[in-house]
Structure formats: C-alpha cells, structure tokens
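S.K.: The following block contains the structure, expressed as structure tokens.
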Amino acid sequence: MFEKIHFREVSIEDRCLWNSYLSLSDISFCDFSFLNICAWKFYYQTELAEWKGYLLIRHYFDDNYHYFYPIGDGNIVEVLNDLKTFAFETHHSFLMDCLTIEQLEEIKTISIHPFSFSLDRNFSDYLYRREDWIALKGKRLQSKRNHLKRFLLNYEYEYKPYEDAYLNDCISLTKQWMKENPELNWNSMNNELQVIRFALNHLKQLDGYGGTLWVDGRLVAFSLGSPINKDTFVVHIEKANTSYEGIYVAMGNIFAQNLPCNYTFLNREDDMGLKGLRQSKLSYSPHKLLAKFSIDFSAENTIEESKLMSLWEAVFHDKPTYINNFFSYLRGELNYVFKQDKENKLLSSMYLVKYKFQLLKQSFPLYYFYSIATDNSVRNQGLATGMIYESLWRGFIEKIGMAFLVPANQELINFYANFGFAPWVYSNVTNHSFNKLERGESRFQLSECQNNKMIQISLMEIIKNSELAILPSDTILDFWIQDTRNDGKVFYSIIQNEKEVAWIIVENCDCDKLLKVSILASITSIPVNDLLLSLKELFPKVYSLEIQQHSLIGETPHSLCRIIHLPTFLDKYVTFYRGDSFAFYYHDELLPSNSGYYEISVSGWQKVETHCNECKIVNSLTIIPFLLREKIGHIGNFTYCSILQ
C-alpha cells in the first residue's frame, strides 16, 4: 500500500529548513526565493513536505496542484515516481513547473514517461551581471548612463537601507504607482500590494533586504529583494515616482551598489508578457534569460493519426492522397507537437522532420518545421506560438543544430521572425524565350528517368558532393520523388561527357506553351543557354521557359532558418572555416543558453566569459548571414533540394 505524503502550509518558521535544502541546489529562479514563497502563499496556497531526503513543494492554481522539482539528495527516480503515484491516488494531474533545462533532461532519462513539456517565454527570469548595473558600460547602456547622469545632476538624494519606520511611505508610493497605471490588471496590482506589505513587515525573517531613495525628505523609490543562492540576489519589487527623471535607473544602480559584494548576479524576475516591461528589461542587456519548463505527466503524448490528417486537410486543403502518402512514407520518422483541449479535440499540430545540414562533408541534424496548423476556431490564441517555442527547446535539448521552414507568404515571414527565423535560401526565377535563343550545340544531354530508386541514388550522390547542402533521409527523398511524379512532373538528369552532373524537374504548362524547370542539384555550373538548347530539342513546341534555382543570395526568400543549438553548429563550422580568428557576441532571446561571447579560429571555437567591446554583436536573425556570407564569402557548390513544400 502506498504511503501518503503529508503536505503542510509553508510558514516563516520554515526559513532554516528551506535554506538547508536550497543550499544543495544552484537554482537561480526567483520562484525558489523563500521571500517569494511566503509572500505569495496566500495566492498559491503553497505547501511543503519532507520525503526521503528531499523537500517537496507544491502550489495550487488553475484548479490543480503544481509541483516544483524536488530539492535534496537521494534517489530522485524513486521520489518522482512517489510524487506521480501520490498525485494520481489523490485524483489530480501530476504537473510540474519551474524546471531547469538540466532537470528536464534528467527526467527524460528516467522511467516516469509519458509526459509532455512546455515553456512560456513570459515567465523567463532576467539574469544580469551585477557589475553591469553598477558600471552601465558600453554602447548598449549609453542611454541608461545618460538617464543616471541627469538624475544625479538634478537631485540631491539620500539612499537609506529599509527600516520598519518606512513601511507607510513605501505603501503610499505603491498606491500612487497603482493609480498611475490604470491599464494594468487591478486584481494583480492588489495582490502585489499585499505581497509588498507582507514582505516589508517580515523582511528580516525572510532573509530580505530593502533599499530606499529620498529627495528633499520624500521617498521617491524603493527596492526589495532576497538572495537565492551564494552568488545571485533576486530583486522582487521596485517602485518609483516617475516624475523624477531617471529615477528607475538610479534606484537600480544605487541598490546594486549597496548589496553585499558576494553577489555576482541579479535576478530581476520575469516580465509576465507585458510589452513595456519586456522592452525595459531587455534594454538593460541581460546576461541571460532563465527559461522555466513545465511538465504534464498526465497528458497523452500520442494522438490518433486520423485527427492529425483531418486538421491538416481542413487548414491547408491538400489532397488526401498527398496527406495519406506523407504518413505512409514517414510514419516511422515523424516527430510532432500538438495541442488538445480538455475534450481531446485537436487544436493545433506541427511536424519536426529530420534532415541534415552539410558543410564540406561535415553534417549535423537539422529540423524542418512543417505543416504548422491551427484549427480556425482557435486561431490567434497563441497555439502556434507555443508549439514553435516548445519545438525550439526540444531541438535544443536534442542538440539539433538548426531548424528551417518554408513560409507561404510575406505575412508568415514576418511572423516567424518573432522566433528568430531569417531568410537564408532564396528562390531565383528567370524567364526565357526560345525565340531569342542563341544558336549552337549544347554541351549537355537530357535523359528522362522514371525509376524512383535510380533518381534517389543519383540525386543523393550529387547532394552529398556539395560544399553546402540540405540532406534528406532516403525515406523523405523517396516520398518526395513519388509525390513530384504524381503531380505530372518529370525528372531529367543532365549528362556531360557521359557523366551525370545535375538533376532538374520539368513541368509542361499551359498547353505546351510554357515550361517550368527547377534545377535540383548540380556538381558544376549550368550555363543557361546550354540548358535551353537541350530543352528546345525535347520540347520544340514550347514558346517560353521559367527556370527556378536556389541560392544563398537573392531577393525572394524561399526558406527561413535559425540556429537552435549553437555549439552543434560551431563544431562543424570550424572544420569549414579557414579565415582569420574573430569573436562575436550572440544574443538569443528565446534560447538564452546559446547567448554569450564566442571566439572562432582555424583550430576551433570556445565560449568565453570576458567582455569584448570590439566584437561583432549578432542575434538569431543575423548570425547565419554573418557566419556564412560575411566570414566565409562565396560558397562554390550549394545544393538545396526543394522537398516537402
């Protein structure tokens, strides 16, 4: 018989117990601050229990209990399984939140599946170097320095550590701030007011520290926070009278100066998805964002194929034969993400199809984000956003180097830019007329091929010999070849000196008047005139041609890509790069573990902690053009197969 876990309400008297367990962890999330735990317990009904060497924490919201990852030392597999059994025995779902990526990876290795995971960017904590808040160095913080200078020049201020006598002043300033922000949720502000009052009344008991700023004997700003570990201090609350120019920069700067010197980092909590707050926090150039994962051990991680197919057809109106063939061919290779409602109705889905990205014979895994669909009844509710964000993190955990996708229109290009996807392959289309064709004899021969296996083998051989290429699996290529032929398109190999040097697809349109040609892959440049001469011999009735080929340079984006796991990408990149050593700072808002300073040389790459004011600053939208075009320059033989479009 299962032994019941006895949870009880957390109290201020638990401080020593809490700190003894927290000392066993290096977690930096603001949620684990004892001050936060106690101050918000009225809202979240926070409870704790000791169990087999671990401290268990749970809180209640959205009609269910949510558990933190156990803190302690012992058999974590046994404890997690006990928690799961306890949750089901007490008739509620087993949900966990505020997990680090390391904890998520640990759960993936132990046998308490199935589960689904998610994360919400709105609740990622902003971690700053304390020194950055004190010095405000660099171009990125120039405006902050200017605000601070104006405050210091215009006002004679006095900084005082918080004392109980300042309670009413702090509450009055908070109420004034609430009146000045009527657009914010009034219930949320009242809850925060209750938290502030509780924290200030019990600051010492909660290991808290507060700072106040006064001008002409009047309180104009205050901050309060608490340590989360030996080198990180959490700033929980900061309120100020904005009629004083530069007041928030000044409060943050002076508060950071007056903290004990052992704190290297400042956690200034999340932005709750508030646009203005996000812009403000980002403007201070955070060291990193701390992503928090949630896990649902109760959720089904499989779904009926028929539901996926029905949603696909309803959203994209593709032919049932195409959808059926897609699942028939790729069933064993598909990874997918989906969202259902409480009645198990499928609301949205997307597919993660594995390819490989090749640089000079060096390759790493690549995800193709495909068929991102949302039921029309729930569009514009953030479902696609959630799936893409989850897929990026899934790829990061699996050390997938990159992801790419093919947008249908400019609106989607703009949408995917929000996730760091930038154009990298361009579709170049040229129109030609046989009437203007220069006379001569082509150096090429065209040979039609109807044998799928022969097409697959020969095409893959050319792709593999490219300097830079996208490599599909044999199964994907087989599916795509058959689907292309089902559409009435014909494969031709281009032969030069009795050797296959390229492959093209030919589609005869408009009653033989127009020929559409797509160049798939080649091991040599294909002069257009030679190709036209060869096509003219095969299609003498055709008047005009439209030739499409892909390159890393162009005007019309065909596909977008973004780095997922930067170390995986750089491992292969350094085998390709043969230029001078260089450094860059990479900022990745959605995958903050990638962010940091990197040094590249012919001997390898390394991530460094030191600041480099002269290095290039890139983000997820600019890093691929920077590394491939600016640093490498011309790539002689690029192959990109237009598969799964």
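The values are calculated or read from the model by the stated rules, or taken from the named source; none is laboratory data. Remember, it's a predicted structure, so these values are computed and weren't measured experimentally. Don't worry about glycine lacking a Cβ; one is built from the backbone with ideal geometry, like all the others, and counts go over all protein chains shown. The accessibility values were calculated without ligands, DNA or RNA, using every heavy atom of the protein model including side chains. Shrake-Rupley method; radii C 1.70, N 1.55, O 1.52, S 1.80 Å.
S.K.: Hey, can you tell me all the residues within segment 461-478 that are assigned to a helix (DSSP H, G or I) and crowded, with 17+ Cβ neighbours inside 10 Å?
M.R.: If we filter segment 461-478 for residues that are assigned to a helix (DSSP H, G or I), which is where we start, we get 461-464, 474-478.
If the condition is that a residue be assigned to a helix (DSSP H, G or I) and crowded, with 17+ Cβ neighbours inside 10 Å, then Ile462, Ile463, Ile476, Leu477, Asp478 are the ones that fit.
S.K.: Select from segment 387-402 the residues that are buried (at least 19 other Cβ atoms within 10 Å of the Cβ) and under 12 Å from Thr568 (Cβ atoms) and list them in ascending order.
M.R.: Across segment 387-402, the qualifying residues are Gly395, Phe396, Ile400, Gly401, Met402.
S.K.: Quick one: which residue in Ile617, Ile523 is closer than 30 Å to Ala502 by Cα and of a type in the set (Val, Ile, Thr)?
M.R.: The match here is Ile523.
This table checks each residue for (1) in contact with a Leu (Cβ under 6 Å, 6 or more places away or on another chain); (2) at pLDDT 85 or above.
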{"position": "Ser559", "(1), (2)": "no, yes"}
{"position": "Leu570", "(1), (2)": "no, yes"}
{"position": "Tyr573", "(1), (2)": "no, yes"}
{"position": "Phe584", "(1), (2)": "no, yes"}
{"position": "Ser595", "(1), (2)": "no, yes"}
{"position": "Cys615", "(1), (2)": "no, no"}
{"position": "Phe626", "(1), (2)": "no, yes"}
{"position": "His634", "(1), (2)": "no, no"}
{"position": "Phe638", "(1), (2)": "yes, no"}
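S.K.: Among the residues of segment 488-523, count how many are without any contact (Cβ under 8 Å) to a residue 12 or more places away in the chain and within 26 Å of Ile323 (Cα to Cα). Explain how you work it out, then say what you get.
M.R.: Of the residues in segment 488-523, the ones without any contact (Cβ under 8 Å) to a residue 12 or more places away in the chain are 497-499, 509-511.
The next check asks that each one be within 26 Å of Ile323 (Cα to Cα); those that pass are 509.
Matching residues across segment 488-523 total 1.
S.K.: Within segment 502-521, work out how many residues are within 20 Å of Ile455 (Cα to Cα) and crowded, with 16+ Cβ neighbours inside 10 Å. So that I can check it myself, show each step before the final result.
M.R.: Of segment 502-521, the ones within 20 Å of Ile455 (Cα to Cα) are 502-508, 516-521.
Among the residues that remain, those that are also crowded, with 16+ Cβ neighbours inside 10 Å are: 502-506, 508, 516-521.
Looking only at that region, the number is 12.
S.K.: Sticking with this structure for a sec: Looking at (1) of a type in the set (Gly, Ala, Ser); (2) closer than 23 Å to Ser11 by Cα; (3) within 27 Å of the chain's Cα centre (by Cα), which is the one condition that is false for Ser116?
M.R.: (2)
S.K.: Looking only at strands (runs of 3 or more DSSP E) that lie completely in segment 1-94, which have at least 1 residues being closer than 24 Å to Ser124 by Cβ, in contact (Cβ under 8 Å) with a residue 24 or more places away in the chain and in contact with a strand residue (DSSP E or B) (Cβ under 8 Å, 6 or more places away or on another chain)? Reasoning before the result, please.
M.R.: Numbers: elements: 47-51, 54-61, 64-67.
Counting at least 1 such residues, we get 54-61, 64-67.
S.K.: So Ser143 clears everything in (1) surrounded by 14 or more Cβ atoms within 10 Å (Cβ to Cβ); (2) assigned to a helix (DSSP H, G or I) except one condition, right? Which one?
M.R.: Answer for Ser143: the failing condition is (1).
S.K.: Could you check how many residues of segment 288-337 are at pLDDT 85 or above, hydrophobic (A, V, I, L, M, F, W, C) and over 30 Å from Met272 (Cβ atoms)?
M.R.: Residues in segment 288-337 being at pLDDT 85 or above, hydrophobic (A, V, I, L, M, F, W, C) and over 30 Å from Met272 (Cβ atoms): 11 in total.
S.K.: With segment 246-359 as the region, which helices (runs of 4 or more DSSP H) entirely inside it contain at least 1 residues that are within 30 Å of Tyr370 (Cβ to Cβ) and in contact (Cβ under 8 Å) with a residue 24 or more places away in the chain? Show your work before the answer.
M.R.: Values: elements: 247-257, 275-283, 305-316, 320-330.
Qualifying helices (runs of 4 or more DSSP H): 305-316, 320-330.
S.K.: For segment 16-35, how many residues meet the condition of being surrounded by fewer than 18 Cβ atoms within 10 Å (Cβ to Cβ), at pLDDT 95 or above and farther than 16 Å from Gly53 by Cα?
M.R.: Within segment 16-35, residues that are surrounded by fewer than 18 Cβ atoms within 10 Å (Cβ to Cβ), at pLDDT 95 or above and farther than 16 Å from Gly53 by Cα number 0.
S.K.: Now a separate question. Find the residue count for segment 489-514, including only residues that are at pLDDT below 85 and among the basic types (Lys, Arg).
M.R.: Counting residues in segment 489-514 that are at pLDDT below 85 and among the basic types (Lys, Arg) gives 1.
S.K.: Additional query: Only one of these is of a type outside the set (A, V, I, L, M, F, W, C), farther than 28 Å from Glu333 by Cβ, part of a strand (DSSP E or B) and open to solvent by less than 70 Å² (accessible area, probe 1.4 Å): Thr430, Thr524. Name it.
M.R.: Of the residues listed, the single one that is of a type outside the set (A, V, I, L, M, F, W, C), farther than 28 Å from Glu333 by Cβ, part of a strand (DSSP E or B) and open to solvent by less than 70 Å² (accessible area, probe 1.4 Å) is Thr430.
S.K.: With at pLDDT 95 or above, exposed (fewer than 13 other Cβ atoms within 10 Å of the Cβ) and either out of contact with any Ser or Thr (no Cβ under 9 Å at 6 or more places or on another chain) or farther than 20 Å from Gly276 by Cα (or both) as the only criterion, which of Leu219, Leu153 stands out?
M.R.: On inspection, the qualifying residue turns out to be Leu153.
S.K.: Collect the residues in segment 119-135 that are over 12 Å from the mean Cα position of the chain (by Cα), of a type outside the set (Lys, Arg) and over 17 Å from Glu102 (Cβ atoms), keeping them in residue-number order.
M.R.: Those that are over 12 Å from the mean Cα position of the chain (by Cα), of a type outside the set (Lys, Arg) and over 17 Å from Glu102 (Cβ atoms): Asn122, Phe123, Tyr126, Tyr128, Glu131, Asp132, Trp133, Ile134, Ala135.
S.K.: If I filter segment 479-501 for residues that are of a type in the set (Val, Ile, Thr) and either exposed (fewer than 15 other Cβ atoms within 10 Å of the Cβ) or under 24 Å from Glu333 (Cα atoms) (or both), do I get at least one hit?
M.R.: So far as segment 479-501 goes, yes, one or more of its residues are of a type in the set (Val, Ile, Thr) and either exposed (fewer than 15 other Cβ atoms within 10 Å of the Cβ) or under 24 Å from Glu333 (Cα atoms) (or both).
S.K.: Of the residues Asn201, Asn168, only one is under 13 Å from Cys38 (Cα atoms), at pLDDT 95 or above and open to solvent by 60 Å² or more (accessible area, probe 1.4 Å); which?
M.R.: Working: Asn168 fails: under 13 Å from Cys38 (Cα atoms).
Answer to the check: Asn201.
S.K.: State the number of residues belonging to segment 230-274 that are more than 14 Å from Ser124 (Cα to Cα), within 28 Å of the chain's Cα centre (by Cα) and open to solvent by 30 Å² or more (accessible area, probe 1.4 Å).
M.R.: 3
S.K.: I've got another one for you. Against the definition (of a type outside the set (Lys, Arg) and at pLDDT 85 or above), how does Asn486 come out, yes or no?
M.R.: Here the answer is yes, as Asn486 does meet what is asked.
S.K.: How do the pairs read when you match residues in segment 360-374 that are touching a residue at least 40 places away in the same chain (Cβ under 8 Å) and surrounded by fewer than 20 Cβ atoms within 10 Å (Cβ to Cβ) with residues anywhere that are of a type in the set (D, E, K, R) and assigned to a strand (DSSP E or B), using Cβ under 7 Å and keeping only pairs 6 or more apart or on different chains?
M.R.: Ser363/Lys356; Phe364/Lys356; Pro365/Lys354; Pro365/Lys356
S.K.: Give the residue that is modelled with the lowest pLDDT, with candidates limited to residues of segment 527-557 that are among the hydrophobic types (A, V, I, L, M, F, W, C) and open to solvent by 30 Å² or more (accessible area, probe 1.4 Å).
M.R.: Only one residue fits best here, namely Ile553.
S.K.: Mind checking whether some residue in segment 433-448 is in a helix (DSSP H, G or I) and crowded, with 17+ Cβ neighbours inside 10 Å?
M.R.: yes
S.K.: Hey, among the residues in segment 567-593 that are free of Cβ contacts under 8 Å to residues at least 40 places away in the same chain and part of a helix (DSSP H, G or I), which one's most open to solvent (accessible area, probe 1.4 Å)?
M.R.: The selected residue is Val574.
S.K.: Do you know which residues across segment 403-424 are surrounded by fewer than 17 Cβ atoms within 10 Å (Cβ to Cβ) and not in a helix (DSSP H, G or I)?
M.R.: Residues satisfying the conditions are Ala408, Asn409, Asn418.
S.K.: Continuing with the same structure: Any residue in segment 147-167 that's closer than 17 Å to Leu200 by Cβ and small (Gly, Ala, Ser): show its pairings with residues that are in a helix (DSSP H, G or I) and open to solvent by 90 Å² or more (accessible area, probe 1.4 Å) at Cβ separation under 7 Å, as long as the two are six or more apart or on different chains.
M.R.: That search, which allows pairs on different chains as well, returns nothing.
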